[in-house]
Amino acid sequence: MKHNNHHHNAPGAESQLIPVRFEFTHPTAATVCVAGTFNHWQPESKTLHSSGGGRWWKETTLAPGTYEYCLIVDGQWMPDPLVKETVANPFGGRNSVLKVNSPEACHLADAENLPFKNTNK
């Protein structure tokens, strides 16, 4: 009998992509990129767009999972100041941690936090 290693996965689960938006504010930045485990640490593949006033953003899609990344601001690598969770990197700095949940996991988490209403009165 042939064993299917993916029997526990829903069809197409590995191709499910979740929208993610990176935002950063820096009053004097000329270029801002993001590099991480999701793009093989290649900053030029994810350049943020300027919306004026020192505000930068980039929308992308990622598969559910946990990723490490850094912002590259005018050539300087730094953790995302808006992210609470970081981990040490091998260069003596910190990487930001991004957790991308599947929509099902988000809905389940939302449902667990909803107050229970008894409609049987």
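Give the number of residues within region 53-69 that are exposed (fewer than 13 other Cβ atoms within 10 Å of the Cβ) and either modelled with pLDDT under 95 or not in a strand (DSSP E or B) (or both).
The total comes to 1.
How many of the residues making up region 30-52 are touching a Leu at 6+ places or on another chain (Cβ under 6 Å) and in a strand (DSSP E or B)?
Residues flagged as touching a Leu at 6+ places or on another chain (Cβ under 6 Å) and in a strand (DSSP E or B) within region 30-52 amount to 2.
Would you be able to tell me the number of residues in region 28-47 that are among the charged types (D, E, K, R) and touching a helix residue (DSSP H, G or I) at 6+ places or on another chain (Cβ under 6 Å)?
1
Taking region 70-85 as the search range and keeping residues that are assigned to a strand (DSSP E or B) and out of contact with any helix residue (DSSP H, G or I) (no Cβ under 7 Å at 6 or more places or on another chain), which one is surrounded by the fewest Cβ atoms within 10 Å (Cβ to Cβ)?
Gln76
Among the residues of region 47-67, is there at least one that is closer than 18 Å to Val87 by Cα, of a type in the set (Phe, Trp, Tyr) and either free of Cβ contacts under 8 Å to residues at least 12 places away in the same chain or touching a Cys at 6+ places or on another chain (Cβ under 7 Å) (or both)?
no
The values are calculated or read from the model by the stated rules, or taken from the named source; none is laboratory data. These numbers were taken from a predicted model, which means no experiment stands behind them. Neighbour counts run over all protein chains shown; Cβ positions are idealised from the backbone, glycine included.
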